[in-house]
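Inspection log for the structure reproduced underneath, given as structure tokens.
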Amino acid sequence: MPKLLLISFDAVGSDELSILSQQPNFQKLMKDGTVFKDMKTVFVSNTYPIHCSVATGVDPCYHGLCSNTLVNPAKSTFWNYDSRILKHKTLWKAAAEKGLSVGNVLWPVTGSCASIKWNIPEIAVPRGESQLKANLKSGSVWLQIIEFLRHKKLLDGVNQPQLDSFAIHCAQDIISKKNPDLFIIHLTIYDSMCHKYGRLSDESKFALHFLDDCLGVLIKECQKINKKVGDPEDSTQFVIFSDHAQLDVSKNINPNKILADKGFLSMHPVENTTFGNSASRINNWRCFFQYSGGSAFFFTAPTKGEKRSEEKGDKSENYRIGLSSSELRNLQDEILSLEGVERLLTEDELKESGFADCPFCGGAKFGIAAKEGWYFDEQHWEKATHGYTTMVPSNNSFTDFIPRPHYGTFCAVNKKDVTIQCKRVTDVTKLVASLLDLKMN
């Protein structure tokens, strides 16, 4: 069976195909391939929930991961990485069950994954903490030591293009020396450049050229190993997709500041966030918002008589008694009147996101959507972001919804005769499963 590379071009929306499709390596690979445009992603449209949806083929409400970071105000700057949180079978587990070998470089939420034989998981650590130490606990020990010693000069924390350069060099080594049946890789330069400089910036356009160069390296490495083992040179199957698009932003909304002013919570600055942005840990709270870029989710502490569901290490004194029904209604009305807040999330959106069934404090009570150009954060530090709803109202009454313009994603495969039509990002899972004949749930 031909090998398969599943490549994530983080944040490269369908609109960016106008540039990407003109790049030499992408153009050559897709000469006899198929490109699906304007795919709908899942909500919440953030990197980790979407990559888990591609891994499992189901929405966040089913696989169990709804946020990039932990849903806990005392730990909201800590990123998810442990694959054991997922409630559904992954493509890599299905591949391992079939006897196929799997290699990984920086795919989200693959820490401690027994199904991945050669594993370099993506783990975002706070600044000042050891990246290598964190990775060694959750990935392939000797492989990571070797790759780090060999390529550590390429790294500069999470800065780009250094991080993707490191990823591609590790990928070359794994493909050439291990030749896995399924190889997965997550490249984030475009996402990083959009956040920092904006979607249409020269830096973001450079990132698209850089991604094509990375693709060229992977193509050549696969051709070399195929020739070495006696397989047809171009027999490797390539599936390239994007998880979400980015939208330019100019202002932030910080409803937790309002809650703090009302005495509903206390905020304490955190100095060592992964990306150097301003953030706070929250304690002594009655309620709080979990920010997710273009959306935010409201949690309350248990009211008197409700069961307290605490996470390990979260002491009860971190929160107090929750809000009464009247307090909740009044607060919701006040938050909806804030400049930049567009609307309440629908019940379906709240359900799909996974936040409604989040185990922390019984799930979110409601969610809110930002207007385009706005996003939820403590300070305005980004030029573009994501996390927006995938559907937008088509009228002022919020009764009819249409796909959000310029927010579609894409999938490309170097085959014409594919049986799966990718209209939604979870169709990428079906496509990979069909190409490798894997049995998913």
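Here are the numbers for this structure:
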read-out	value
Where a residue in segment 125-143 is in contact (Cβ under 8 Å) with a residue 40 or more places away in the chain and its partner, wherever it lies, is aromatic (F, W, Y) and outside any helix (DSSP H, G or I), with Cβ under 8 Å and at least six apart	P126/F78; S138/Y81
Options S112, S67, S53; residue that is closer than 20 Å to A167 by Cα and hydroxyl-bearing (S, T, Y)	S112
Candidates Q172, Q223, filtered to the one that is in contact with an Asp or Glu (Cβ under 6 Å, 6 or more places away or on another chain) and free of Cβ contacts under 8 Å to residues at least 24 places away in the same chain	Q223
Residue in segment 27-43 that is of a type outside the set (D, E, K, R), farther than 20 Å from T390 by Cβ and without any contact (Cβ under 8 Å) to a residue 24 or more places away in the chain present	yes
Residue count, segment 78-102 (criterion: aliphatic (A, V, I, L, M), under 16 Å from E122 (Cα atoms) and out of contact with any Phe, Trp or Tyr (no Cβ under 7 Å at 6 or more places or on another chain))	2
Cross-chain or 6+ apart pairs with Cβ under 8 Å, segment 422-441 first and outside the structural domain of V58 (by TED's automatic domain parsing) and within 17 Å of T409 (Cα to Cα), then crowded, with 20+ Cβ neighbours inside 10 Å and at pLDDT 95 or above	none
Residue match in segment 342-362 (condition: touching a Ser or Thr at 6+ places or on another chain (Cβ under 9 Å), β-branched (V, I, T), in a loop (DSSP other than H, G, I, E, B) and at pLDDT below 85)	no
Helices (runs of 4 or more DSSP H) enclosed by segment 97-179 - at least 1 residues per element that are within 26 Å of S53 (Cα to Cα) and modelled with pLDDT under 95	131-138
Residue among S204, S242 that is farther than 30 Å from S101 by Cβ, among the hydroxyl-bearing types (S, T, Y) and surrounded by 20 or more Cβ atoms within 10 Å (Cβ to Cβ)	S204
Odd one out for E334 among (1) crowded, with 17+ Cβ neighbours inside 10 Å; (2) under 18 Å from N254 (Cβ atoms)	(1)
Within segment 186-292, helices (runs of 4 or more DSSP H) holding 1 or more residues that are aliphatic (A, V, I, L, M) and either over 21 Å from N72 (Cα atoms) or assigned by TED's automatic domain parsing to the domain that holds V71 (or both)	189-197, 202-229
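Table: residues versus (1) surrounded by 20 or more Cβ atoms within 10 Å (Cβ to Cβ); (2) at pLDDT 95 or above.
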{"site": "K75", "(1), (2)": "no, no"}
{"site": "S83", "(1), (2)": "yes, yes"}
{"site": "K89", "(1), (2)": "no, yes"}
{"site": "W92", "(1), (2)": "yes, yes"}
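The values are calculated or read from the model by the stated rules, or taken from the named source; none is laboratory data. None of the values given here were measured: they were computed from a predicted structure. Positions of Cβ are generated from backbone atoms using ideal geometry, with glycine treated the same way; all protein chains shown enter the neighbour counts.
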